There are 2 protein chains.
Amino acid sequence: MPDGLGPPFAEPLFNRIALIGIGLIGSSIARICRRKGLAREIVAADSSAKVREEAAALALAGRIVATPAEAAEGSDLVILCVPVGAIGRAAQEVAPHLLPGAILSDVGSVKTAIIKAVAPHVPAAADFVPAHPVAGTEQSGPCAGFASLFHNRWCILTPPAGANPKAIARLSSFWKGAGANVEIMDASHHDLVLAITSHLPHLIAYNIVGTAADLEQVTQSEVIKFSAGGFRDFTRIAASDPVMWRDIFLNNRDAVLETLGRFNEDLIALQRMIRNGDGKSLFDLFTRTRAIRRGIIEQGQETAAPDFGRRTSEE
Amino acid sequence: MPDGLGPPFAEPLFNRIALIGIGLIGSSIARICRRKGLAREIVAADSSAKVREEAAALALAGRIVATPAEAAEGSDLVILCVPVGAIGRAAQEVAPHLLPGAILSDVGSVKTAIIKAVAPHVPAAADFVPAHPVAGTEQSGPCAGFASLFHNRWCILTPPAGANPKAIARLSSFWKGAGANVEIMDASHHDLVLAITSHLPHLIAYNIVGTAADLEQVTQSEVIKFSAGGFRDFTRIAASDPVMWRDIFLNNRDAVLETLGRFNEDLIALQRMIRNGDGKSLFDLFTRTRAIRRGIIEQGQETAAPDFGRRTSEE
């Protein structure tokens with residue numbers, strides 16, 4: 001059955017890929033690697049015995065090991081797929097085992113802090129090319145992954161100054177092979193772009209769900225019952241992995257606080273429009289925000305289906 | 001083909017239903033009325049010739065007329081499905097034409113302001129029972145409606161003190177017949193519950209999309225490209241009908257400003273956690289918000305499918 005992911009590669013891009021961490025992202029990479037023949041061999045490492053068992057039951061990799069060092073041994077691409085706060089230590093553990101010419105990469109949602117944590121460990125004979133596939137769901141663990149997660153999504157590479165162009169090109173081919181579009185940008189610009197498109201939305205969603213839970217005049221049961229009015233979409237975002245998101249906010253602090261400052265300024269203006277009964281300004285803002293939505297649908301980052309296809313049946 | 005909506009009623013609940021306004025909600029009521037046989041006859045009124053043409057092409061009603069007065073004439077249930085700001089005038093227009101014993105209702109998202117605007121016009125021989133079906137999508141117009149919109153959603157009735165219990169029971173049966181669960185509460189409590197579950201989420205979504213559009217260091221093209229990280233869900237909400245939402249904020253000002261004040265207090269605390277690098281408090285909040293999500297899924301107000309079924313294909 002055609003799945004829209006295209007035929008497998010005739011020749012694998014890498015001999016052996018090591019995935020350090022086999023959760024949502026790591027397991028999705030494993031699935032698309034196998035589906036597209038991106039590597040001759042896949043080795044996965046995870047520190048959790050439960051996760052290793054789940055990954056083994058799903059046959060996600062040829063070998064599943066407990067330590068980053070074992071997985072990195074003999075691999076020509078090593079991708080760190082652990083939470084941002086654990087990446088520095090993972091890099092330190094794999095570094096002595098990297099093959100000459102091997103590429104070390106990651107999938108972290110912040111880039112400046114990761115480069116600072118990883119780069120000092122990378123041996124001269126290996127190439128470090130940081131990457132961030134902008135894709136995910138609110139679920140976690142090896143069972144949550146799927147092969148088409150990166151399909152038509154963007155993967156941002158943020159190579160440090162002086163990075164090897166061949167390694168950048170090779171990693172670009174890998175992510176294109178996985179179905180993604182590739183963009184290259186400076187790490188600090190990445191962190192600002194993601195602060196507004198991802199980190200701030202998550203922060204706001206966590207906050208509003210917390211506010212609703214604490215309102216003493218409205219019961220939690222009422223919040224749940226009447227969530228179809230808009231609130232439930234925030235709860236989906238606010239159900240994302242707590243460790244991953246704690247690490248993102250701790251490691252992209254400056255850009256998050258900067259965009260949050262802008263958000264607050266705008267919110268104060270909006271609050272004043274409501275207080276003053278300024279219908280014209282409200283209407284103008286609500287009309288303007290529709291244009292961005294149209295752009296997202298036109299560029300295939302979302303469907304126009306109403307309410308995310310939640311219709312249970314149709315006339 | 002079974003559509004989950006159950007068999008039609010053997011005996012219609014109303015002889016003639018008048019729908020004043022035939023947009024997303026009005027046209028969905030028309031569809032479910034026909035599908036379930038809730039009324040012998042449906043008459044729809046809309047002031048827009050274009051909307052009337054669309055509704056006629058979809059055969060949404062037996063008769064489609066231009067004025068509320070014509071539609072109300074001879075109807076035993078009249079539902080005002082126009083934006084909140086237009087409801088008072090619509091009530092004034094239908095009032096002299098209401099049959100003795102007819103029920104006048106509405107579908108507005110705020111209730112205290114609507115009761116204030118409608119109640120003075122209602123003749124003594126008719127019953128006014130305000131209602132709010134908590135269901136909708138970001139789309140508008142007669143083509144956007146569908147019969148299952150209210151299925152397993154809540155419809156809140158907010159009868160004023162002294163309202164006729166028989167009329168309340170009859171309107172409850174109507175909404176249950178349309179597939180909804182019915183809850184009865186005080187109008188001012190409704191306005192507070194909806195402020196947190198619907199109005200504040202929309203306000204925040206409109207605000208963050210506006211903030212993103214105005215950030216001069218990040219281009220609009222970048223915001224659109226990398227929206228899969230969380231932002232796109234906000235753009236869906238912020239694409240909702242501008243007139244409807246302007247009217248909601250103007251007419252539920254006090255409750256919106258109150259919940260917004262709470263949201264702001266919580267956001268300042270969250271901002272401080274990030275500034276101070278307080279990982280433990282961030283983790284605790286992000287863990288706590290997951291419980292609300294679980295409640296929503298358990299109560300059937302959302303599916304657990306990740307990312308709202310946006311997967312294009314699976315392995």
Next on the checklist: Quick check on A:PHE263: is it in contact with an Asp or Glu (Cβ under 9 Å, 6 or more places away or on another chain), within 26 Å of A:ILE156 (Cα to Cα) and facing chain B (nearest Cβ under 7 Å)?
Outcome noted: no
Checklist entry - On the given criteria, is B:VAL82 surrounded by 20 or more Cβ atoms within 10 Å (Cβ to Cβ), hydrophobic (A, V, I, L, M, F, W, C) and under 23 Å from B:ILE168 (Cβ atoms)? => result yes
Checklist entry - Name the residues in segment B:105-119 that are over 16 Å from B:LEU19 (Cα atoms), within 14 Å of chain A (Cβ to nearest Cβ) and touching a strand residue (DSSP E or B) at 6+ places or on another chain (Cβ under 7 Å), would you? => result B:SER109, B:LYS111
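Could you list all residues from segment A:145-156 that are buried (at least 18 other Cβ atoms within 10 Å of the Cβ) and either over 16 Å from B:GLY229 (Cβ atoms) or not hydrophobic (A, V, I, L, M, F, W, C) (or both)?
Just the residues of segment A:145-156 that are buried (at least 18 other Cβ atoms within 10 Å of the Cβ), to begin with: A:145-151, A:153-156.
If the condition is that a residue be buried (at least 18 other Cβ atoms within 10 Å of the Cβ) and either over 16 Å from B:GLY229 (Cβ atoms) or not hydrophobic (A, V, I, L, M, F, W, C) (or both), then A:GLY145, A:PHE146, A:ALA147, A:SER148, A:HIS151, A:ARG153 are the ones that fit.
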Checklist entry - If you go through segment A:220-234 one residue at a time, do you hit one that is in contact with a Lys or Arg (Cβ under 9 Å, 6 or more places away or on another chain) and of a type in the set (Ser, Thr, Tyr)? => result no
Next on the checklist: All but one of (1) more than 24 Å from the chain's Cα centre (by Cα); (2) more than 7 Å from chain A (Cβ to nearest Cβ); (3) hydroxyl-bearing (Ser, Thr, Tyr) hold for B:SER227; state the number of the condition that does not hold.
Outcome noted: (2)
Item to check | Selected residue (only one of A:PRO68, A:PRO7 is closer than 29 Å to A:LYS166 by Cβ and buried (at least 24 other Cβ atoms within 10 Å of the Cβ)) | outcome: A:PRO68
Checklist outcome for this item: Apart from one, (1) within 26 Å of the chain's Cα centre (by Cα); (2) touching a residue at least 12 places away in the same chain (Cβ under 8 Å); (3) assigned to a helix (DSSP H, G or I) all hold for A:ALA239; the odd one out is (3)
Checklist entry - Does B:SER48 satisfy the condition of being of a type in the set (S, T, N, Q) and in contact (Cβ under 8 Å) with a residue 60 or more places away in the chain? => result no
Next on the checklist: Looking for something more than 7 Å from chain B (Cβ to nearest Cβ), part of a helix (DSSP H, G or I), surrounded by fewer than 21 Cβ atoms within 10 Å (Cβ to Cβ) and at pLDDT below 90 - is there at least one such residue anywhere in segment A:303-315?
Outcome noted: no
Checklist entry - In segment A:161-184, which residues are more than 9 Å from every other protein chain (Cβ to nearest Cβ), over 20 Å from A:PRO12 (Cβ atoms) and at pLDDT 95 or above? => result A:ALA163, A:ASN164, A:PRO165, A:ILE184
Next on the checklist: Filter segment A:232-256 down to the residues that are at the interface with another protein chain (Cβ under 7 Å from one of its Cβ atoms), of a type outside the set (A, V, I, L, M) and closer than 19 Å to B:GLY279 by Cβ and list them by number.
Outcome noted: A:PRO242, A:TRP245, A:ARG246, A:PHE249, A:ARG253
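Each row is one residue, and each column tells you yes or no for (1) out of contact with any Cys (no Cβ under 7 Å at 6 or more places or on another chain); (2) over 29 Å from A:ASN252 (Cα atoms); (3) assigned to a loop (DSSP other than H, G, I, E, B).
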position	(1), (2), (3)
A:ILE17	no, no, no
A:ILE25	no, no, no
A:SER28	yes, no, no
A:ARG31	yes, yes, no
A:ARG35	yes, yes, no
A:ARG52	yes, yes, no
A:SER75	yes, yes, yes
A:VAL78	yes, no, no
A:ALA86	yes, no, no
Item to check | Of residues in segment A:94-141 being surrounded by 19 or more Cβ atoms within 10 Å (Cβ to Cβ) and charged (D, E, K, R), the one modelled with the lowest pLDDT | outcome: A:GLU138
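State yes or no: is B:SER47 surrounded by 16 or more Cβ atoms within 10 Å (Cβ to Cβ) and among the hydroxyl-bearing types (Ser, Thr, Tyr)? Steps first, answer last, please.
Numbers: surrounded by 16 or more Cβ atoms within 10 Å (Cβ to Cβ): no; among the hydroxyl-bearing types (Ser, Thr, Tyr): yes.
For B:SER47, the condition - surrounded by 16 or more Cβ atoms within 10 Å (Cβ to Cβ) and among the hydroxyl-bearing types (Ser, Thr, Tyr) - is not met.
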Item to check | The one condition in (1) touching a Phe, Trp or Tyr at 6+ places or on another chain (Cβ under 6 Å); (2) surrounded by fewer than 21 Cβ atoms within 10 Å (Cβ to Cβ); (3) closer than 22 Å to B:GLY210 by Cβ that A:ASN181 fails to fulfil | outcome: (3)
Checklist entry - If you scan segment A:245-259, which residues turn out to be of a type outside the set (Val, Ile, Thr) and buried (at least 22 other Cβ atoms within 10 Å of the Cβ)? => result A:TRP245, A:ARG246, A:ASP247, A:PHE249, A:ASN251, A:ASN252, A:ALA255
Checklist outcome for this item: The strands (runs of 3 or more DSSP E) lying entirely within segment A:105-219 that contain at least 2 residues which are free of Cβ contacts under 8 Å to residues at least 40 places away in the same chain are A:154-157, A:181-184
Item to check | Filter pass, B:ARG232 being closer than 25 Å to A:GLN299 by Cβ and touching a residue at least 40 places away in the same chain (Cβ under 8 Å) | outcome: no
Checklist entry - Given the conditions (1) at pLDDT 95 or above; (2) surrounded by fewer than 21 Cβ atoms within 10 Å (Cβ to Cβ); (3) in a helix (DSSP H, G or I), which single one is not true for A:GLY277? => result (3)
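Quick one: count up the residues across segment B:187-209 that are more than 7 Å from chain A (Cβ to nearest Cβ) and closer than 15 Å to B:SER240 by Cα. Talk me through it step by step, then tell me what you get.
Initially, segment B:187-209 is screened for residues more than 7 Å from chain A (Cβ to nearest Cβ), giving B:187-191, B:195, B:199, B:205.
Now drop any that are not closer than 15 Å to B:SER240 by Cα, which leaves B:199, B:205.
Residues flagged as more than 7 Å from chain A (Cβ to nearest Cβ) and closer than 15 Å to B:SER240 by Cα within segment B:187-209 amount to 2.
The values are calculated or read from the model by the stated rules, or taken from the named source; none is laboratory data. All values reported here derive from a predicted model rather than from experimental measurement. As a convention, Cβ positions derive from the backbone with ideal geometry for all residues, glycine included, and neighbour counts pool all protein chains shown.
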